[in-house]
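Read the figures in this text as sums done on the coordinates, not as results from a lab. It should be emphasised that the depicted structure is a prediction, and the values quoted were computed from it without experimental measurement. Neighbour counts are summed over all protein chains in view; Cβ atoms, including those assigned to glycine, are modelled from backbone coordinates with ideal geometry.
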């Protein structure tokens, strides 16, 4: 439930809360947050990127397209992100 609320905040309009939401998702490390964090890279690059690294163990740059391609490949391969 907390993850859902944090993803809602991350996708919302309240910019002042997005960094906190992204950082919190990184601490929780719930893989369901990966798509929302990828989308947030353009609005909240520092915290969204750090959360993605924490959840996945991958160290791509902050380019959302690189992360999307990786996520689609990982999702379609049936393997779980680390």
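May I have the convex hull volume per residue, in Å³, for the Cα set of segment 2-77?
Roughly 75 Å³ of hull volume per residue.
Measure nothing but the geometry: give the 0 to 90° angle between the long axis through the Cα atoms of 2-11 and the longest principal axis through the Cα atoms of the chain, rounded to 10°.
80 degrees
Relative contact order for the chain using alpha-carbon pairs under 8 Å, separation at least 6, rounded to a whole percent?
25 percent
How do 49-62, 4-17 rank on mean C-beta neighbours within 10 Å, highest first?
49-62, 4-17
To the nearest 10 degrees, how steep is helix 45-56 against the longest Cα principal axis of the chain, on a 0 to 90 scale?
For helix 45-56, the angle is close to 50 degrees.
Per DSSP H run of n ≥ 4, the term is -39500 (n - 2.57); total these for the chain, divide by its residue number, and report the mean residue ellipticity at 222 nm rounded to 500 deg cm²/dmol.
-21500 deg cm²/dmol
Roughly speaking, what is the stretch gain from residue 59 to residue 42, that is 0.36 nm per residue apart minus the C-alpha to C-alpha distance, in nm to one decimal?
Contour length minus the Cα-Cα distance gives 4.4 nm.
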